Amino acid sequence: MLPRYRMDKKGMVVERIGSLITISILIIILIIMTVIFNLWWTTASKWFLLIPVVLILVIAIYGLIIQPYYMYRNFRYEINDDEINIKSGIFMIRETTIPMGRIQNVDLYEGFIMRKFNLANITLSTAGGNRTIQYLNKDKANRIKHAIQNRIEK
């Protein structure tokens, strides 16, 4: 059965902002490379600079369009009395079922960009590893965190 709850739509905006930061850093590096290239290798082909430009465009398309859309489309979660189901992934879809009795710790995380959009992530720690319920409204994330903590303490 497909889990029914999705991450908040504002999570796509947060992902896009993170991608914009990465792309901006790459563009700054490209500008520095261009200046160095033009100062020292004036006889070399200018086509050499086309490769990083194309790579940045591919990264921009992926980070601004493809990743946020498919992340939102594919990420789902559901919390039952005895287990938590999480489905996530972009190209490789991963479905995980975590029994409530296996959860050892529940953490809430807010990045500085997420805080501006009132979003939070919940990380569920088990002996087998960690899984994250991503980009939830902060109030909803707090309610879910406390509900899970109450269930695992019983």
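When the chain is treated as a GNM, springs tying every alpha-carbon pair under 10 Å, which of ILE144, ILE113, ILE21 comes out with the largest mean-square fluctuation?
ILE21
What is the percent of Cα-Cα separations in the chain that go past 23 Å? Please list the in-between numbers first.
Details: 5823 of 11781 pairs.
Counting every Cα pair in the chain, those more than 23 Å apart make up 49 percent.
Expressed in nm to one decimal, what extension gain is obtained for the pair LEU20 and TYR70 from 0.36 nm per residue of sequence separation less their Cα-Cα distance?
Details: separation 50, 0.36 × 50 = 18.00 nm, distance 1.74 nm.
Difference between extended and current length: 16.3 nm.
Hey, which aspartates and glutamates would be in cross-link range of LYS87, C-alpha to C-alpha under 13 Å, not counting anything within fewer than 8 residues on its own chain?
GLU78, GLU95
Using Cα pairs closer than 8 Å and at least 6 residues apart in sequence, work out the relative contact order for the chain, in percent. Can you show the working numbers first?
Working: 203 pairs, mean separation 37.1, N = 154.
Relative contact order, the chain: 24 percent.
Mean separation of Cα pairs under 8 Å and 6+ residues apart, divided by the residue count of region 77-153: what relative contact order is that in percent? Before the final figure, lay out the partial values.
Working: 116 pairs, mean separation 18.7, N = 77.
That works out to 24 percent.
Looking at the P(r) of region 5-72, how many percent of alpha-carbon pairs lie beyond 18 Å?
Numbers: 1111 of 2278 pairs.
The proportion of pairs with Cα distances above 18 Å equals 49 percent.
Which residue, chosen from THR96, ALA141, ILE86, occupies the Cα position most advanced towards the positive end of the dipole of the chain, where the dipole is computed from +1 (Lys, Arg) and -1 (Asp, Glu) charges on Cβ about the Cα centre?
Among THR96, ALA141, ILE86, the one farthest towards the positive end of the dipole of the chain is ALA141.
Which FRET efficiency value, to the nearest 0.05, is calculated for ARG94 and LEU57 with the Förster distance at 25 angstrom and r the Cβ-Cβ distance?
Efficiency at R0 = 25 Å is approximately 0.30.
Mind telling me which of ILE98, ILE25, ILE59 comes out most flexible in a GNM of the chain, alpha-carbon contacts under 10 Å?
It is ILE25.
Taking the alpha carbon gyration tensor of region 77-153, what are the square roots of 5 times its eigenvalues, largest first, to the nearest whole Å?
Working: eigenvalues 77, 54, 22 Å².
Each semi-axis is the square root of five times an eigenvalue, giving 20, 16, 10 Å.
Here, each number is a calculation from the coordinates, and none is a lab measurement. All values derive from a computational prediction rather than experimental measurement. Note that each Cβ is placed from the backbone with ideal geometry, even for glycine, and that neighbours are counted across all protein chains shown.
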